[in-house]
Amino acid sequence: MAVESIMTTYNRLSVAFERGEGSWLFDINGNKYLDALSGIAVCGLGHAHPAVTHAISEQAGKLLHTSNLYTIPNQQQLAERLTQISGMDNVFFGNSGAEANEAAIKIARRYGHTVRNIDNPAIIVMENAFHGRTMATLSATGNRSAQAGFEPLVSGFVRAPYDDIDAIKTIATNNPNIVAILVEPIQGESGIQIPADDYLNQIRAICDENNWLMMLDEVQSGNGRSGKYFAYQHNNILPDVVTTAKGLGNGVPIGACLARGVAATILSPGTHGSTYGGNPLACAAALAVVNTIMNENLCERAETLGNKIADGFRKEIGTAPYVKEIRNKGMLIAIELTEGGSELAVLAKVKGILLNITGGGKVIRMLPPLTMTDNEAELLVNTLSQIIRVYAADERSTAFPEAPNSDRRV
Ligand SMILES: *Cc1c(COP(=O)(O)O)cnc(C)c1O
């Protein structure tokens, strides 16, 4: 495949898709694949969902873009729907998760300057966090290999271990420049890491005591995937800022930074913006997505089906060699291996299952569409369990002769 014209920022599997329908993708040779990744938590409603297709087609025939110099009714409707669902006060729309987080970081800094009178405001971020690839979000990300070679990084981030409340308390006593915490309710890219049940409640309390903004990155965990519309809704708290993107547009690029209370008053005309952000097309798609998630109770569906899939794996391969832990929060599902299993993504693809390997090569990550059927879920559990059993038995060279070597990642 001639890919030299594309910068090699991704290791790609050698398959090209032509069409999708629900939980299925069809490649250019007519082979079908069960999609347990949803384009990395993006296509929560599956592929070619009629409500989204209809909203996009209709909007495309009317108006794509006007800029934020004018009122955009779709954007207002979407903002109202999102604030109503989330308990937040207002929204800034961008085009990606990184942009949503950039907005959050800018709100925190300006809050530091204008409300707290702090000249060098700092934000607590976590080890193994992922917040994006722009310079500020890369600096907030807790993965040295993603940062290496891009120094100087953006300053003003203080790192704490994930799921460690004492570490945050220590920073609170030692660092008077802190103005905010930015944290994922569930760490996605580092392998679906699920913190203690009361982690967010404790962070909320510390933020209240110290006048810090509690900022949650729900780019991956939001939009129903965790079993609630936003993962913080499991904790009965409200953050000051929450960001989301991925599942919001079902494939149409859109990101959102929601704020509440004082955080909602920080940005004013001229302090932030985006040419495309919240344009009529993206908002039409997102409105269809949000309404479908809510009207079809897909949050509840994510919780029950996610638990069912994880239980299915526990029953099939819970005690298999190579399998260290099976965990999930709704339809953020992980099978952690005792050692690296990067080739499992290739082996699964050969058997018609799409997933990915993250968490340093040791975690099989599944983010299936929230609309996946019970039968598809069963097929996923049975097929992948069989693949892992064979892999664990170290028969993979003979069991998967058709796995092309060119797919093997380094
Ligand atoms: C994917 C992701 C991002 C970055 O989103 P982009 O749309 O790729 O910029 C940020 N935070 C989290 C938690 C993510 O999973």
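Rule-based calculations on the coordinates, nothing more; no lab input. Just so it is clear, the model here is predicted, and its values are computed rather than measured. Ideal geometry is used to build each Cβ from the backbone, glycine not excepted, and the neighbour counts take in all protein chains shown.
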Revision key, fill the gap. Extension length gain for MET294 and SER14 (0.36 nm per residue less Cα distance), in nm, is 97.2 nm
Exercise for review: From zero up to wherever the largest Cα-Cα distance of the stretch 156-285 sits, split into 5 Å bins and tell me the percent of pairs in each.
Suggested key: 2, 10, 18, 21, 19, 15, 9, 5, 1, 0
Check your understanding: Sorting ILE85, ILE118, ILE105, ILE293 on the 10 Å Cβ count, fewest up front, what's the list?
Key -> ILE118, ILE85, ILE293, ILE105
Check your understanding: Taking neighbour Cβ counts within 10 Å as the exposure measure, how do TRP212, TRP24 sort from fewest upward?
Key -> TRP24, TRP212
Review point. So how long is each side of the chain along the principal axes, counting just the alpha-carbon atoms, biggest first, in Å?
Key: 66, 54, 43
Study note, to complete from the structure: Longest the chain segment clear of GluC sites (Glu not before Pro) sitting in DSSP loops (not H, G, I, E or B) with at most 11 other Cβ atoms within 10 Å runs 5-338
Check your understanding: Using Cα pairs under 8 angstrom and six or more residues apart, how large is the relative contact order of the chain, in percent?
Key -> 22 percent
Practice item. Calculate the dipole size of the chain relative to its Cα centre from +1 charges on Lys and Arg beta carbons and -1 charges on Asp and Glu beta carbons; express the result in debye to the nearest 20. Key: 360 debye
Revision key, fill the gap. Per-residue Cβ contact counts at 10 Å, fewest first, order LEU367, LEU182 as LEU182, LEU367
Practice item. Among the listed pairs LYS106/LYS362; LYS315/LYS351; LYS228/LYS349, give every one whose C-alpha distance is greater than 25 Å. Key: LYS106/LYS362; LYS228/LYS349
